[in-house]
1. Could you list, in sequence order, the residues of the stretch 134-163 that are open to solvent by 50 Å² or more (accessible area, probe 1.4 Å) and touching a Phe, Trp or Tyr at 6+ places or on another chain (Cβ under 9 Å)?
2. Here are some conditions: (1) surrounded by 13 or more Cβ atoms within 10 Å (Cβ to Cβ); (2) among the acidic types (Asp, Glu); (3) in a helix (DSSP H, G or I). Residue 230 meets all but one. Which one does it not meet?
3. Just give me the residues in the stretch 137-154 being part of a loop (DSSP other than H, G, I, E, B), over 22 Å from residue 84 (Cβ atoms) and within 10 Å of the ligand (Cβ to nearest atom), in sequence order.
4. If a residue has to be buried (at least 21 other Cβ atoms within 10 Å of the Cβ) and more than 11 Å from the ligand (Cβ to nearest atom) to count, how many in the stretch 41-51 make the cut?
5. Report the residue count in the stretch 1-27 for those that are within 12 Å of residue 67 (Cα to Cα), outside any helix (DSSP H, G or I) and either more than 10 Å from the ligand (Cβ to nearest atom) or among the basic types (Lys, Arg) (or both).
6. Determine whether the stretch 199-217 contains at least one residue that is within 16 Å of the ligand (Cβ to nearest atom), closer than 24 Å to residue 283 by Cβ and assigned to a helix (DSSP H, G or I).
7. Going by the conditions given, is residue 104 more than 16 Å from the ligand (Cβ to nearest atom), surrounded by 15 or more Cβ atoms within 10 Å (Cβ to Cβ) and of a type outside the set (D, E, K, R)?
8. Go through the stretch 155-166 and count every residue that is within 11 Å of the ligand (Cβ to nearest atom) and more than 15 Å from the chain's Cα centre (by Cα).
Amino acid sequence: MKKRILTGDRTTGKLHLGHYVGSLQSRVKLQHDYDTFILMADIQALTTHFENPGLIHQSILDVAIDNLSVGLDPDVVTIVQQSAVPAIAELTIFYSMLVTVNTLRHNPTIKTEAANYGYDDMTYGFLGYPVSQTADITFCKAHLVPVGEDQAPHLELSRKIVRRFNDLYSPVLVEPQIMLSDCPRLVGLDGNAKMGKSLGNAIYLSDDRETVHKKVMNALTDKSRLQKTDPGHPEVCTVSAYHKAFNAGEYENVCEMCRKGAIGCVACKKNLSNVLNDMMDPFREKRAYYEEHLDEVKEIIHSGSRKAADIGNETVREVKEAMSVIV
Ligand code: TRP
């Protein structure tokens, strides 16, 4: 039997290249070696976007198509809508007994996100989403979770909850392993430490050639470089970080030419824009197919969610039995 992967995305908008290097790329690589579940996390999306359910609804299809467009094969992976799996809600309640409020409060990712969203107080749902995320991962007893490094504190919590549950009751849950991408987090086009949907500095998987080109041409480079013969500093340049992530073969050479003042920023950006667009053309082709066949996409989500719901119900049964809540 193949080991299982579960990973997913919040449905709060379209996915971008940061998601691609952080997680989507490894999903595609691993889909034939692992029994892969991809979660459209619409309940988790509510924790920050509860006032905008229309966006969440639209994003379920967008995020599913983003995943399919980069090469996830719907005959091989299971695509799941979180809210269609009752077990996730049930497990969340049971696990919530095993986590203290202070533990959640000290979670560094929760803290950063709360600051980014400007929360001076947070909802119970937002504070507790790492508990719900533990239910996401454990309803299907996933072994491996490929995610970006910002998710590491959540995975640590998941592992703790699982160990605590298995120790206290009986060993029915699987302790999941994190799998970090070998590519570190992608900086934003504006030089911000992170490419983010809410930061306005992203290249979306759904951007057309022209849009990608324009965005790249506007990206922040080494500000001290006024003329193309000025020696550049790739270590402070956004464009060089993208060459590293998407054009690894030429990266060293690009940096050396930049340092020597042998290549100007415009040429360097054009090169990058071509590399990105060539990588994204096959994505665009697949996207065009799925956008033409939305009923097929919906059926992929519905059948995946039904399968996940059955698996989750079985896990809930075992969990209840372990906790002696069945009479
Ligand atoms: N929190 C993840 C993110 O913001 C999305 C997510 C929800 C997830 N449930 C998950 C990731 C389960 C891995 C496993 O990107």
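The values are calculated or read from the model by the stated rules, or taken from the named source; none is laboratory data. For clarity, every value in this text was computed on a predicted model and none was experimentally measured. Please note: Cβ atoms are built from the backbone with ideal geometry, for glycine as well, and neighbour counts cover all protein chains shown. Side chains included, ligands, DNA and RNA excluded: accessible areas come from the protein's heavy atoms. Shrake-Rupley method; radii C 1.70, N 1.55, O 1.52, S 1.80 Å.
1. 143, the sole residue that qualifies.
2. (3)
3. 148
4. Residues in the stretch 41-51 being buried (at least 21 other Cβ atoms within 10 Å of the Cβ) and more than 11 Å from the ligand (Cβ to nearest atom): 1 in total.
5. 2
6. So far as the stretch 199-217 goes, yes, one or more of its residues are within 16 Å of the ligand (Cβ to nearest atom), closer than 24 Å to residue 283 by Cβ and assigned to a helix (DSSP H, G or I).
7. Taking the combined requirement at face value, the residue does not satisfy it.
8. Number of matching residues: 1.
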